Amino acid sequence: MIKIIDVYMWNIAGELLADKNNLDFSGIDIVRFGRNINQILYRETISNKSLLFQYDRAIEVFELYYQYEEIEGYNRLKKELIPKEAFREALANAIVHRIWDVIHIYKFLCTMTE
């Protein structure tokens with residue numbers, strides 16, 4: 001009986017890391033809010049793809065909306081509205097500590113601050 005559970009869990013782990021999978025619950029819903037949660041400026045749902053792809057895409061969206069370049073004198077400096085290290089850590093923790101045999105799509109939210 002234990003071997004069946006182990007094999008089942010390894011199958012889920014393998015499928016989560018596959019380029020494409022059939023696990024409808026293995027997704028991330030990325031939302032960028034405006035001034036409040038009623039104003040959605042951007043939304044993307046990533047599902048049926050590798051966890052590594054989901055992680056990379058979430059980082060790409062972060063860089064698109066929460067990083068910018070500022071020119072100071074002769075230098076172009078990269079600035080962040082939210083520290084990238086904090087975002088990466090929160091995203092990685094959300095993925096790692098998720099219960100992967102529960103059917104739901106994880107929502108990872110960021111709000112726009114002014």
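Per-structure values
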| read-out | value |
| --- | --- |
| Which listed residue, of Glu69, Glu60, Glu85, is in contact with a strand residue (DSSP E or B) (Cβ under 6 Å, 6 or more places away or on another chain) and closer than 23 Å to Gly34 by Cα | Glu69 |
| Residue satisfying condition, being of a type in the set (Val, Ile, Thr), at pLDDT below 95, in contact with a Gly (Cβ under 9 Å, 6 or more places away or on another chain) and within 30 Å of Ala13 (Cα to Cα), within set Ile40, Ile95, Ile103, Ile46 | Ile46 |
| Residue count for segment 19-48, restricted to those that are touching a strand residue (DSSP E or B) at 6+ places or on another chain (Cβ under 9 Å), without any contact (Cβ under 8 Å) to a residue 60 or more places away in the chain and either of a type outside the set (D, E, K, R) or more than 20 Å from Phe62 (Cβ to Cβ) (or both) | 10 |
| Set Asn75, Asn21: member being modelled with pLDDT of 95 or more and polar (S, T, N, Q) | Asn75 |
| Residues of segment 67-88 classified as under 14 Å from the mean Cα position of the chain (by Cα) and over 23 Å from Ser26 (Cβ atoms), total | 3 |
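Each row is one residue, and each column tells you yes or no for (1) loosely packed, with under 14 Cβ neighbours inside 10 Å; (2) assigned to a helix (DSSP H, G or I).
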position: Asn11; (1), (2): yes, yes
position: Leu23; (1), (2): no, no
position: Ile30; (1), (2): no, no
position: Leu41; (1), (2): yes, no
position: Glu44; (1), (2): yes, no
position: Tyr65; (1), (2): no, yes
position: Lys78; (1), (2): yes, no
position: Ile82; (1), (2): no, no
position: Asn93; (1), (2): yes, yes
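The values are calculated or read from the model by the stated rules, or taken from the named source; none is laboratory data. Here the structure is a predicted model, which is why all the values come from computation and not from measurement. Reconstructed Cβ throughout: ideal geometry from the backbone, glycine too, with neighbour counts over all protein chains shown.
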